[in-house]
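Taking it in order: structure first as structure tokens, then the write-up.
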């Protein structure tokens, strides 16, 4: 009988080793980001009680006369700034408007530049080249809260959230399978897992209006 059980024991040992490997690897990959998202989950839940004083900085400047020509003529209502103009704007007021859609009118072009934890915009007079810009910061808590929501964080952060979420799913599923393998020796396993489902379900059904 012991000989018959040996292959099954080997298979179980192999799966257990694989699950432990994938579990700790996914945990290591997602550890720091998971901590960030957990902490910002608390700050977002208490956003109404965490005060923040926005700090606004205004900047002005002027484009070289040679760049007035690219601003003239007809442009699509949401066209981006010409490359030479956006490069000059970055040099003058320190804001990168390249590739961002603008709002073109007869007198000016306005580019909104939202960012995590704040906001920014730049406006250019099409006839004189006068630049007005404004940058608003709402602090580090707001910055990390916006990262939590993926708000105005760009394509790289968008894909990072997807990869991080996949690592969390892998971490959770391998953890569930490890629980299943060890549950026989830990009677409280499934009642605790069930509580993790029943408690939020009851809150959602009976206490959320």
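Observations on the structure shown:
- Counting only residues that are buried (at least 16 other Cβ atoms within 10 Å of the Cβ) and either out of contact with any strand residue (DSSP E or B) (no Cβ under 7 Å at 6 or more places or on another chain) or assigned to a strand (DSSP E or B) (or both), the stretch 124-135 holds 7 of them.
- Given (1) more than 28 Å from residue 52 (Cβ to Cβ); (2) modelled with pLDDT of 95 or more; (3) exposed (fewer than 15 other Cβ atoms within 10 Å of the Cβ), index of the condition residue 114 fails: (1)
- Taken together, 196, 139, 175 contain a single residue that is at pLDDT below 95 and closer than 17 Å to residue 39 by Cβ, which is 139.
- Taking the stretch 138-209 as the region of interest, the helices (runs of 4 or more DSSP H) fully inside it that hold 2 or more residues being out of contact with any strand residue (DSSP E or B) (no Cβ under 8 Å at 6 or more places or on another chain) and loosely packed, with under 11 Cβ neighbours inside 10 Å are 154-182, 189-202.
- Selection within the stretch 53-74 - more than 22 Å from residue 119 (Cβ to Cβ) and surrounded by fewer than 10 Cβ atoms within 10 Å (Cβ to Cβ): 65, 72, 73, 74
- Residue match in the stretch 42-52 (condition: under 15 Å from residue 130 (Cα atoms) and surrounded by fewer than 15 Cβ atoms within 10 Å (Cβ to Cβ)): no
- Some residue of the stretch 75-87 being loosely packed, with under 13 Cβ neighbours inside 10 Å, touching a strand residue (DSSP E or B) at 6+ places or on another chain (Cβ under 7 Å) and in the same structural domain as residue 127 (by TED's automatic domain parsing): yes
- From the list 77, 51, the one residue that fits, being within 25 Å of residue 150 (Cα to Cα) and free of Cβ contacts under 8 Å to residues at least 40 places away in the same chain, is 51.
The values are calculated or read from the model by the stated rules, or taken from the named source; none is laboratory data. Because the structure is a prediction, the values reported are computed rather than measured. Every residue, glycine as well, gets a Cβ built from its backbone with ideal geometry; the counts of neighbours run over all protein chains shown.
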